Amino acid sequence: MSLTSPDGKTTIEPDDSGWATFFRRLTTATDWKTGLVIPALAVLTALIIGAIIIMLTGSSLQETLQAYWALLEGSVGSLRAISATLTEATPLILTGLSVAIAFRAGLFNIGGEGQLLIGGMTAVLVGFSFTGLPWFIHLPMAVAAGFLGGAVWGFVPGFLKAKTGAHEVIVTIMMNYIAIYLTGYLLKTALFQREGRNDPISKNVEESAQLPKLLGWFDSAMRVHLGLIIALIAVVLVWWLLFRTTTGFEFRAVGANSHAARYAGMSVTKVYILVMVIAGGLAGLAGGGQVLGVLDRASPGFSAGLGFDGISVALLGRSNPFGVVAAALLFGGLTAGGQNMQATANVGIDLVSVIQALIIIFVAAPALIGAIYRVKTDASSTQISQGWSS
């Protein structure tokens, strides 16, 4: 499917080589069937296989259904459960957007974990370093610091990709490790470490920099915070950027066919750098949300793998900002409900990870889903052997 610029003056034909076609069809939706039906059937299939796994461990069908009911109750069965789901989904929306916007430009941002960590560290630094500021100044400063920290971390692989051709997958993986060890080191320095503690725990964020709880007035146990609103605003802004601006068209054009985009006068170098800066900033916002809205401090591993989970969210959401929201809500519900399932139905929470992995496997294999449910899929979406030599 060709891309046409908002002014109608430029049309880009996608690269039809085998690998390029596979990557594009895996990461973005080409029609309603691949964008909606295939992911929905992938979720259904994963849940069915999850049920089979539970029964293979010795549980009866009734016990399996009770476990799934506990999963549903823990995710949407009460206002408190919905709050937990939204809290778990908030960082996933942002890390999913981070990966999705890179996918649109033909890049694979595996560096969300490192970008989230650095964003969280810069946010917490601003959060505890300034005292006596009113919240309407301090809070935006801390949130912006999270975005900037992640953006700087995303700039490095974007710049190296644009200027030297260094593959973004390799660079972002290395940047993840640097961020992990740098975080551990910084948390033991006098700048970050809490007074009187020997373990790597940061100082507490000032109250004026904490993201307020949206439902705290109703129930103090409800953890959903203002970060959810920030994430939803980011969704709208990313959608507008991608589909309503010339810059977004350039992102998508480079992702579809970088050679044709360059021939049309677009700066591929600028696109690679800018898209990775934005992607890093979005992941940094997720880290800022965790330390400012959930933890109120930083500690080793506070990212909790959310940067990697964003890859799954982006794939399931087919790199559409609103699809990312739906996928994040699903994964957030599985995480929140899984805790209830473990507590009430004696089913390990590891099953949630199995279900999430199965969902991604089936999303990545549309031909398999098509064969199971007799849904016709484009065969070219699964052929990747041709084009390796092109």
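With 0.36 nm allotted per residue and the present C-alpha distance subtracted, the residue 141-residue 247 stretch has 35.5 nm of extension available.
By the combined test of axial Cα extent (at least 18 Å) and Kyte-Doolittle hydropathy (mean at least 0.5), the qualifying DSSP H helices of the chain come to 38-56, 79-104, 112-129, 135-164, 168-186, 227-244, 268-289, 321-345, 350-363.
Give me the count of lysine pairs in the chain whose alpha carbons sit under 22 angstrom apart, restricted to pairs 8 or more positions apart or on different chains. Mind dumping the intermediate values first?
Numbers: 9/270; 33/376; 161/270; 163/270; 188/203; 203/213.
The number of close lysine pairs in the chain is 6.
Per-residue packing, averaged as other Cβ atoms within 10 Å, sorts the ranges 215-221, 291-297, 257-263 into the order 291-297, 257-263, 215-221, beginning with the highest. The reciprocal of the average 1/r between distinct C-alpha atoms defines the Kirkwood hydrodynamic radius, which for region 39-92 equals 12.5 Å.
For region 306-332, the residues whose amide N sits under 14 Å from a probe point set 7 Å from the Cα of residue 76 along the beta carbon direction are 326-332. GNM on the chain, alpha-carbon springs under 10 angstrom: the most fluctuating residue among 62, 115, 339 is 62.
Of the residues 368, 214, 61, which exhibits the maximal mean-square fluctuation in a Gaussian network model of the chain defined by a 10 Å Cα contact cut-off? Result: 61 has the largest fluctuation of those listed.
Estimated translational diffusion coefficient (Stokes-Einstein, Kirkwood radius over Cα pairs, 25 °C, 0.890 mPa s) of region 135-176: 213 µm² per second. Taking a point 7 Å from the Cα of residue 133 along the Cα-to-Cβ direction, the residues of region 184-224 with backbone N closer than 11 Å to it are 206, 208-210. Recomputing Cα extents along the principal axes in Å from the coordinates shown identifies the correct label among (1) 61, 56, 35; (2) 59, 49, 46; (3) 60, 51, 41 as (1). Considering only 178, 349, 372, the Gaussian network model of the chain with Cα springs below 10 Å gives its largest mean-square fluctuation to 372.
Per DSSP H run of at least 4 residues, take -39500 (n - 2.57); add these up for the chain, divide by its residues and hand me the 222 nm value, nearest 500 deg cm²/dmol.
Values: 15 runs with 253 residues, N = 390.
One gets -21500 deg cm²/dmol as the mean residue ellipticity at 222 nm.
Using +1 on the beta carbon of Lys and Arg, -1 on that of Asp and Glu, and nothing else charged, what's the dipole of the chain about the Cα centre, debye to 20?
Values: 22 positive and 20 negative charges, 118 e Å.
About 560 debye.
No lab work stands behind these numbers, since they all come straight from the coordinates. Keep in mind it's a predicted model, so treat the numbers as computed, not measured. With ideal geometry, Cβ positions are generated from the backbone for all residues, glycine too; neighbour counts draw on all protein chains shown.
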